[in-house]
Amino acid sequence: AQRSAAAAKEIKTLIGDSVAQVNAGNVLVSEAGTTMMNVVDSVRQVNDIMTEIMAASEEQRAGIEQVNVAMAQMDVATQQNAALVEESFAAAASMQEQATELAREVSLFRLDGRAMDSARARARDTAAPVRRAPPRLAPRQQANREAFQETEFEGR
């Protein structure tokens, strides 16, 4: 009977230890469940942040694309303006040349020496300095000019 009592006592101790270990295991399982829930929540937060970053990156890409389009349009406008400036310069140079030639042609007429001198001075003073291209006259204009220069007017 003593042996049975010792065995019963030992079994009771083993059952008590087993219950304590099961309770400790339950606590650990509960803590692991809480930790897993925290990990899942953290993964969801990271996913949400990544989604926001992706949306912001797409907006940034669209903004950069708009800037590129605007820059291309500005480049085209700048090139067009440069071409217009060149054309305007050429037209101004041509007009200056024609005005000078006209003043030279008109100076051949002698109506009143003083009036022509002051007209020449005004034409010279108002003429803007422009780089001049070589004169281009049509063959008929060139022939007329040469014929005109060869003929002296009687008042001269």
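Every read-out reported here was derived from the displayed coordinates using simple, explicitly stated rules and does not represent laboratory data. Only a predicted model underlies this, so the values are computations on that prediction, with no experimental measurement involved. All Cβ positions, even for glycine, are placed from backbone atoms using ideal geometry, and neighbour counts span all protein chains on display.
What are the equivalent ellipsoid semi-axes of region 11-62, built from the alpha-carbon gyration tensor (square roots of five times its eigenvalues), in whole angstrom, biggest first? Please list the in-between numbers first.
Values: eigenvalues 494, 4, 3 Å².
Largest first, region 11-62 gives 50, 4, 4 Å.
Could you give the length gained by full extension between residue 104 and residue 66, i.e. 0.36 nm per residue of separation minus their alpha carbon distance, to one decimal place?
Residue separation times 0.36 nm, minus the Cα-Cα distance, leaves 8.1 nm.
Note down the nm distance, to one decimal, between modelled labels 7 Å out along Cα→Cβ at residue 81 and at residue 46.
Spacing of the two 7 Å Cα→Cβ label points: 5.2 nm.
For residue 94 and residue 34 in the same chain, what is the full-extension length gain: residue separation times 0.36 nm, less their Cα-Cα distance, in nm?
In short, 12.7 nm is gained.
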